[in-house]
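Notes for the one structure printed next.
The values are calculated or read from the model by the stated rules, or taken from the named source; none is laboratory data. Computed from a prediction, not measured in an experiment: that's the story for all the values here. Cβ placement follows ideal geometry from the backbone for every residue including glycine, while neighbour counts extend to all protein chains displayed. Just the protein is used for accessible areas: all its heavy atoms, side chains included, with ligands, DNA and RNA removed. Shrake-Rupley method; radii C 1.70, N 1.55, O 1.52, S 1.80 Å.
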Amino acid sequence: MLGALARIPAWRPEPGAWLLVATLAAGYAIAVLRLGPRYALAGQRAASRLQITSFVLGLVALEIASDWPIHDIAEQSTYSVHMVLHLVLAMVAAPLLLLGLPAWLLRWILRPPSLTFRIVRRLAKFLPALVVFNVVLVLTHWPTVVDASLRNGGLHFGVHALIFVSSFIVWLPILSPLPEIPRLAPPSRMAYLFLQSIVPTVPASFLTFGTTVLYHFYAHKTTIWGLTPLADQQLAGLIMKIGAGMLLWALIAVTFFQWAADEERAQHPRVRRQLERELEHLGR
């Protein structure tokens with residue numbers, strides 16, 4: 001199980017990651033300060049404190065995943081770190097950035113009724129979003145694609161961009177701020193999250209229970225954990241299954257308790273009116 005322990009790569013600049021994060025940060029600030037007063041509803045702030053905080057945290061997660069040392073370790077030696085990188089992009093950075101978008105800003109970006117808006121609205125539904133999730137998951141973990149992307153910087157960037165952009169589609173049915181792209185009702189939302197938690201178990205099982213190294217690029221690498229390439233691959237499968245599953249099941253629990261609380265609050269006026277009618281009837 002154990003092999004030689006690899007060193008953490010020496011620091012090197014990642015101007016591409018810096019440029020991406022800086023562009024998103026500057027674009028968001030300009031939009032909130034310049035476009036917000038024009039497009040936000042009268043009497044409302046361009047962006048709430050929660051939205052600004054969510055967007056900033058999303059940028060931090062994006063920077064952590066895209067910069068040294070995670071990016072370099074993932075590209076050079078350790079597939080389990082590569083899996084962490086993918087999960088941070090898809091499960092942390094993307095939903096936080098989406099939470100940070102006010103409705104008016106997302107509407108301005110998608111420009112309804114543009115073709116982009118129509119495509120996004122069609123995909124951001126229960127079944128289409130599940131299909132998007134499945135297709136991207138399988139494609140980005142296909143051995144040929146993984147090996148080729150690790151040997152080609154442009155393709156590697158394209159794979160990460162695909163994960164990042166498709167994650168917005170996958171999270172829209174849960175977090176959409178737009179009434180034109182409505183969120184799923186709580187029961188449907190929980191079913192959607194449950195299915196999303198089941199799907200990763202398929203490729204995760206191939207990684208966890210495999211007896212050969214699936215990705216040739218990592219077959220002869222020395223990992224930072226001191227694990228053999230096969231053990232590192234098995235660890236990556238566990239990270240995919242447990243890490244993603246725990247997050248999605250936590251969201252299912254939050255959704256359930258919020259739904260139960262909303263239903264209880266909705267019941268109170270009806271119960272009160274029923275008691276008042278019964279008391280009035282008894283008093284006659």
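Quick notes
- Neighbours of SER77, meaning other residues whose beta-carbon lies under 15 angstrom from its beta-carbon, give a summed charge of 0 when Lys and Arg score +1 and Asp and Glu score -1.
- Taking 0.36 nm per residue of sequence separation and removing the Cα-Cα distance, the ALA161/ALA26 pair yields an extension gain of 46.7 nm.
- Theoretical FRET efficiency, 1/(1+(r/R0)^6), r = Cβ-Cβ of PHE206 and ARG38, R0 45 Å, to 0.05: 0.30
- The fraction of accessible area contributed by carbon and sulfur in the stretch 1-138 is 71 percent, rounded to a whole number (1.4 Å probe; ligands and nucleic acids excluded).
- Rounded percent of accessible protein surface that carbon and sulfur make up, the stretch 153-199, 1.4 Å probe: 79
- Under 5 Å, built H, 5+ apart or other chain: amide partners of LEU227: GLY3
- Per residue value of the accessible surface for the chain (all protein chains in place, 1.4 Å probe), Å²: 56
- Pair ARG45, ASP147: separation of 7 Å Cα→Cβ label points (nm): 5.3
- Charged neighbours of THR222, selected by a Cβ distance under 15 Å, balance to -1 (K, R count +1; D, E count -1).
- Alpha-carbon centroid distance for the pair the stretch 121-145 / the stretch 175-230, whole angstrom: 11
- Gyration tensor verdict on the stretch 106-265 (Cα atoms; rounded if a/c is under 1.5, prolate if a/b is larger than b/c, oblate otherwise): oblate
- Top positive-direction residue, dipole computed over the chain with Cβ charges, set TYR215, ALA244, ILE109: ILE109
- The chain: Cα Rg divided by the 2.2 N^0.38 Å rule of thumb: 1.21
- Rough spin-label spacing in nm, given labels placed 7 Å along Cα→Cβ, for TRP259 and PHE126: 1.1
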